[in-house]
Structures are given as C-alpha cells and as structure tokens.
Amino acid sequence: MIDVQNIIAVTILSLTGSALAQNEAWPRVILRGDYPDPSILRDGSDYYMTHSPFLYTPGFLIWHSRNLIDWEPVARAMTDVVGSAMAPDLVKHEGKYYIYFPAAEKNWVIWATNIRGPWSKPVRLEVGRIDPGHAVGEDGKRYLFLSAGGRVLLSDDGLGVRGKIEDVYKGWEYPKDWETEGMWLESPKLFRKGDYFYMVSAEGGTAGPPTSHMVVAARSKSINGPWENSPYNPIVHTYSADEQWWSKGHGTLVDDVNGNWWIIYHAYENGYYPLGRQTLIEPIEWLPDGWFRAAKTATPIATAGAQIAHGMKLSDDFSGKDLGLQWTTWRDYDPKSLTLKDNSLHLTAKGTSPADGRLLLVTATDHSYEIQAEVTLGEGSIGGLILFYNDKAFAGISSDGKQFTIYEDPSHESQHPNTFGDHFFLKITNRHNLCAVQASSDGKTWTTIQADIDVSQMHHNKFKGFFALRPGVMAAGGGEVKFKQFQYQELQSR
C-alpha cells in the first residue's frame, strides 16, 4: 500500500528545503540525528556523503544530493564489523571510489567502481592513528594524512601503505583559556585550489565541554609542506554554552557546480545530547589573500532535473524483500537471523536482555517522537521496543508473554503483569528525553505501564563510545519474535 501521508511529507520537505536555503540563518541542519564525522564528495553535479557507523551495521550509509540541502540515502557500503569504524574519508580517484577509516587501532579501506556498490571487503592498512584523509600530491603520489599531524605514503592502488608515519603538521595553537577536552589534532581533510594545498583539521576534542570542538585550516604550496596556519582560525567553533550548537567541528569543504564553497561539519544540539552529532552546513567565502572563512550569506545552488526527496523514512511495514536502509544491527550482522515474510519481520532471538539481545535500530531525528509495533512471541522468546545507547545505557519495554519488563536503565528494571499473552502492541513516547511506555491488546486502547523515564544522560559524556540513543526492536531468549508495522512518528513540542 502506498503511504500517501509520507509521500506528501517528503515532498513538502523537498520543496521547502531548497527554498529556505537562501533565507535561513547559518548554520543549517541538513541531516538531523546521529550523523557524525561527515565526509563529502562532489562527483560532477552529484554530491555524496557518508558518516561514522561505529558499531552499527551495515555501516557507511551513503547519501546523495544535487543541491547540498536535500539528501536521499542510496546504499550502505559495509556489512563487516572490524571494530568501531569512525571518521571516514570518502574520495574518488581515477574512476574508483574509496572509503578510508580507522577501526581496532588500524586504518582500513573499502573501494567500489560504483558508489552505490557493490563495495569490497575491508582491506587492513598496516598503519595506526585515526581519521585518515586522502590526498594526491603534485608528484602524483597518494598519501594518507592522519591524526596528530601524521602522514604516510600510499601504494599506487591506494590499498596499502609504504614506509612509516612522518609528522608533518603541528596544528593551530588556540588560546590557553579556551575550555576544551585537549589539543587532539585530528580529521585532516585535504583539497587543492589554485597554488595551494589546503588542510582542514579538527582540534579541541569531540565532546566534553560545549566549547570543545573546532575546525582549523592550514595551507602549503607543496604536499610536503611547510604548512602555514590560517589567520582566520578557527573557521568553525562554539564559543558559548548559550549557543544552539555545541562542539561544532570535524569539517569538510566542498565546492558546488556554481563555484560556491561550503563547509559541512557535525555538532550536538543544546539539550539533546542523546540524539548524537548532527550534520550542519554553512557557506564559505574566499578572500583576496587566498584564505577562506565562514560566511554569513549564501547563494542557493542552481540545479537542473528532478528534485530529491529529502530524508529517510523510519517507519517500516516490512513489505519489502530486503531490510530497509533505515535499519542497523548492533555489533554483529547476521542476515540469517532475520526474515521478511507476510508483511512481518521475524527476528531470531539471542541473549537475555537488551544488553546482549538481538537488536534492530533506526536513527532518531526529532526532539520528541513515538515508536510502536505489533509483537508476537515465539516459544521461549522475549520481544520488545528499546531506546538503546549501548549495553550499559538503554530504556524500554519487553515481555516473555507472562510479564512486562520495564528498563529505566540496565541497573533499574521492574516487572508488571502481562494480561495480553504472546500477542500485544507496544509503544514508547519520548518527549524531550522523558519517556513513557505503554502496552495494548489491540493497538487502539493503551495502558501506560510507566511514565517519566529519564534518558537525558544516555550520551557520550557519561557512557563514552560516541553513539546515540537509537529506537528499535529487540528479540531475546530462544526462538523468534515477529514484528509488524513498526511506526516512528515525530511529536509536536508541548
């Protein structure tokens, strides 16, 4: 069945997104929810972007745009879990696409001849540090720039390294009285314009104090340096906890088809740490001295052809043959553990609770939202809805058919009678980080089992990991759990 309401909503978002580009103040959110460490590539008149997947799999969701404002998901590039994968660099070189990324104390690369896949298995590069940034020098050789100002020579095919890391850049010294997590020079992104190579890096730490993160720039006439810091540093920074966007940093510059330049980066929203780091954009202006800085006005991108419907639908009626792009597992990816049939998701159970159970998660995008689903338990199974940060921070509701278990966090859970048996409907309402859990026998008349579960502290500053609080479904125990009509709905503020 065609979801008419969703089509109308997406169409409105698409039409208003481009129109507002010239009217809204900057920065502007282009992807709400947990889309950190953005890496962006212009490929002719098309733009592609990916982000850190960490332990969510399949990873490296690739987004496509024609105007940098409206984005559609087109593929996931990696199903392997080689560690917590982060800070990618998406590049194109001699007709091939590459994603370089760190995980498990090494750097890795996957590649494809078509950006929508198929992508290769991860290739391990025998080099440490993090946040690789690919560059091609004036000599035609390929390099990876790394955290802490490092650089290593790549093989000609980009799938191996030659030699050892050399330190080539010391970073920009910010004022000593700025409140940050530390220097932490990372995420070098390089491009060439005119007579110069430009390197855009992050400093100050990615979380911690609201004023921690920043974007700094340096340039050199040779890929070998020396690197001169920009007099306009920092290019992007949060100066006060009163601002809307905290820990702004990890930027990538891109030019558009009309010759305008933009910087895309991530930030936490003030008061909504559990949503994770969201993707923002603002314009860049070039100055007569050959440097750039953030601009206060922008020219909308003139595009031709069909408009892109912005965003990704999070609800799922499970009518497709394959799992939708909105879904990820946690830590492992076992396609044999799930089956789509009869407009239902059949999820093989494992573990005993959300901490070690089978999870399928989506990325929340709103300050307030509601999820619900119809649940049918198999013999010996436990099924439920969950808001999951990691195995030490989650909230939600599950049942074994005899009782409901409410999770306020892994240390606090309670049991309540289940009079509905093995078939029931569940709902979680999250209003500004305060949650209520409900159950129903028919999906129409709801019973509130517990209200005011506080999830505001389920974020990196307390539990580490750089994750976000993600809604989804869980299956624990034995057998399988069947889910129908998973619904995600934004709630209006009140």
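Observations, loosely collected:
- With the charge dipole of the chain set up from +1 on Lys and Arg Cβ and -1 on Asp and Glu Cβ about the Cα centre, the Cα lying farthest toward the positive end among the listed residues Pro58, Met312, Ile406 is that of Pro58.
- According to the Kirkwood relation over distinct C-alpha pairs, the hydrodynamic radius of the range 159-280 is 15.4 Å.
- Loop-resident chymotrypsin sites (Phe, Trp or Tyr not before Pro) (DSSP state other than H, G, I, E or B) in the range 174-257 with no more than 15 further Cβ atoms inside 10 Å of their Cβ: Trp178, Tyr232, Tyr239.
- Principal axis analysis of the Cα atoms in the range 153-227 yields extents of 42, 28, 17 Å, listed in decreasing size.
- Its alpha carbons considered, the range 362-418 gives a radius of gyration followed by a Dmax of 12.3, 37 Å.
- For the range 191-232, dividing the convex hull volume of the Cα atoms by the residue count gives 80 Å³ per residue.
- Compared with the direct C-alpha span, the chain from Trp178 to Glu126 gains 15.1 nm at full extension, assuming 0.36 nm per residue.
- D_trans [Stokes-Einstein, Kirkwood Rh over alpha-carbon pairs] for the range 349-457, 10 °C, 1.306 mPa s, µm² s⁻¹: 114 µm²/s
- In terms of Cα atoms, the Rg and Dmax of the range 4-294 work out to 18.2, 57 Å.
- Using C-alpha pairs under 8 Å with a sequence gap of at least 6, the mean separation divided by the residue count of the range 49-109 gives a relative contact order of 27 percent.
- Compared with the dominant principal axis of the Cα atoms in the chain, helix 4-20 is inclined by about 20°.
- Calculated [222 nm] ellipticity per residue, helices only, for the chain: -1500 deg cm²/dmol; basis is -39500 (n - 2.57) per DSSP H run with n ≥ 4, divided by all residues, nearest 500.
- Net +/- balance of residues flanking Tyr48 in space, Cβ distance below 10 Å, scoring K and R +1, D and E -1: +1
- Two-decimal Rg/Rh across the range 106-182, once Rg and the Kirkwood Rh are taken from alpha-carbon atoms: 1.08
- Cα-based Lys proximity count in the range 281-381, under 27 Å, for pairs eight or more positions apart or on separate chains: 8
- Principal axis dimensions, the chain - Cα atoms, whole angstrom, descending: 73, 49, 47
- Label-to-label distance, nm, for residues given as Lys341 and Lys464 (7 Å Cα→Cβ offset): 4.3 nm
- Over the range 64-212, the Kirkwood radius and the radius of gyration, each from Cα atoms, give a ratio Rg/Rh of 0.98.
- GluC sites (Glu not before Pro) restricted to DSSP loop in the range 328-382 with at most 15 other C-beta within 10 Å: Glu379
- Put simply, the C-alpha atoms of the range 94-137 give a gyration tensor, and the ellipsoid matching it has half-axes of 20, 13, 7 Å, longest first.
- Cross-link partners of Lys141 among lysines, defined as those whose alpha carbon lies under 21 angstrom from its own and excluding same-chain residues fewer than eight positions apart: Lys92, Lys96, Lys164, Lys189, Lys193, Lys221.
- Each of Trp172, Leu146, Ala104 was placed along the dipole of the range 51-177 (beta-carbon charges, centred on the mean Cα), and the one lying farthest toward the positive end is Ala104.
Throughout, read-outs are computed from the coordinates displayed, never taken from laboratory work. Just so it is clear, the model here is predicted, and its values are computed rather than measured. Counting neighbours? That spans all protein chains shown, and the Cβs are built from the backbone with ideal geometry, glycine included.
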